[in-house]
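Heads up: the structure comes next, in structure tokens.
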Amino acid sequence: FIPEELSVVEEPRALYGLNVHTREKLDEFIGHYNTMFETKFSTKDSESFYNYYNDISKKVKERKVDILLVVNMFLTGFDSKPLNTLYVDKNLKYHGLIQAYSRTNRILNEQKSQGNIIVFRNLKKATDEAITLFSNKEAIEEIIMKPYEDYVQKFNDAFTSLLKVVPTVNSVNNLKSEEDELEFIKAFRELMRIKNTMATFADFVWEDLEMNEQLFEDYKSKYLDLYDKVKDEHQVEKVSILEDVDFELELIHRDEVNVTYILKLLAALKDTTKEDKVRKQKEIIDLLTGEANLRSKRELIEKFILENLPIIEDTDTIPEEFDKYWNEEQQKAFNQLVQEENLSADKTHKLIESYLFAEREPLRDEVLDLIEGEKPSVLVRKKIGDRILNKIVGFVETFINGVSGS
């Protein structure tokens, strides 16, 4: 909560101009913040308040603060890509309006291509005037999203186009050529794009669409099957027209569905009745199949469910038992990788650490340097280097990415 007297177009300044009541209220709010986050900020001096301002900014960006109530502060000069909704109960115009609205339009990825502005005052005229002033009148159609109903129609049209390519989910299995598979990929990808845009609307419900959520998930599973197929064929150097297709998996990924989330479901599965266990177990397997970031982990998690979960007595120990199981499987896979490719275990371990730290795939020469003994000839360097690299990337994707809940 920030008092009206504080200008936030500029940096926070000394608070000596505040009246006693306003300052006491602000100190009260900061006290609540200190209690929640174990900090020691106050309005006693400008440095402490400035640190308070910076700390809030950091926590919003880290998603540790879900809703931030402001008067002026943070409406200009504050950038946080995950921020997607601005609730406005204040008269804004021209530069101030554009600056405030712009807090939400920092593109994060395919999942966030625009921001939401929910206004409790009639700012339509002020918004149009501001956009016209700083851009042009025609830009209003480009900057302001169309009504929700327009996207419903657009989705339904895209669904009709999808059905022309693949009338049923199982018909995806019967596509005869890569050209046919490409048509399905493009049709379903367009459907995903529209659905992600619609999901930003508070009004969005599946009941508004001609395609229900389960059917969407079923087609999505087939879409991911094709993605896995292309990856596998690339590893054996089979030429495919699908290799250069962008599957845009960011459209599918959901942050809340990771291994940590699955462990919570496993705990619930353990405590459920015998009648519900089969159904819930199938739901978990279906979830593993439908989540792009979990597909590489599916077999290992299924194995844990079938072999380890039944003998665990205390559900509170599931995370600990899973970590133990996962570490054992990871070590087995690592040993298999270095033995099959005759790699230095120490060098491979360091390369993976570097890969994770730099978030950059290793170069082929760096991978080939892992081989112990005689290096491959020039004729087969590319083939062997790419094969080892794919195995390393697959190892990281399976055992490391998404396991910590990040």
Quick check on Asp128: is it at pLDDT 90 or above, part of a helix (DSSP H, G or I) and more than 24 Å from Arg295 (Cα to Cα)? no
Consider Glu366 carefully, then state whether it is outside any helix (DSSP H, G or I) and either over 20 Å from the mean Cα position of the chain (by Cα) or on the phi > 0 side of the Ramachandran plot (or both). no
Of the residues in segment 207-237 that are assigned to a loop (DSSP other than H, G, I, E, B) and out of contact with any Asp or Glu (no Cβ under 8 Å at 6 or more places or on another chain), the one that is modelled with the lowest pLDDT is Val236
Need the failing condition index for Pro319 against (1) at pLDDT below 90; (2) over 23 Å from Lys231 (Cα atoms); (3) exposed (fewer than 14 other Cβ atoms within 10 Å of the Cβ), just the number. (3)
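Of all residues in segment 56-75, how many are surrounded by 15 or more Cβ atoms within 10 Å (Cβ to Cβ) and under 26 Å from the mean Cα position of the chain (by Cα)?
If we filter segment 56-75 for residues that are surrounded by 15 or more Cβ atoms within 10 Å (Cβ to Cβ), which is where we start, we get 56-57, 59-61, 65, 68, 70-75.
With under 26 Å from the mean Cα position of the chain (by Cα) added as a condition, the list becomes 56-57, 59-61, 65, 68, 74-75.
Looking only at that region, the number is 9.
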Only listed residue being at pLDDT 75 or above and either among the basic types (Lys, Arg) or surrounded by 14 or more Cβ atoms within 10 Å (Cβ to Cβ) (or both), chosen from Tyr94, Tyr50: Tyr50
Go through segment 286-314 residue by residue and tally those that are exposed (fewer than 15 other Cβ atoms within 10 Å of the Cβ) and either assigned to a helix (DSSP H, G or I) or among the small types (Gly, Ala, Ser) (or both). 8
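Given the criteria over 30 Å from Thr85 (Cα atoms) and charged (D, E, K, R), does Lys229 qualify?
So Lys229 fits the description; yes.
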Considering only segment 193-206, I want to know if a residue exists there that is within 22 Å of the chain's Cα centre (by Cα), at pLDDT below 95, polar (S, T, N, Q) and in a loop (DSSP other than H, G, I, E, B). yes
Out of all the residues in segment 152-176, which are closer than 30 Å to Lys124 by Cα and in contact with a Lys or Arg (Cβ under 9 Å, 6 or more places away or on another chain)? Lys154, Phe155
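The values are calculated or read from the model by the stated rules, or taken from the named source; none is laboratory data. Note that the coordinates shown come from a computational prediction; the quantities given were computed from them, not determined experimentally. Every residue, glycine as well, gets a Cβ built from its backbone with ideal geometry; the counts of neighbours run over all protein chains shown.
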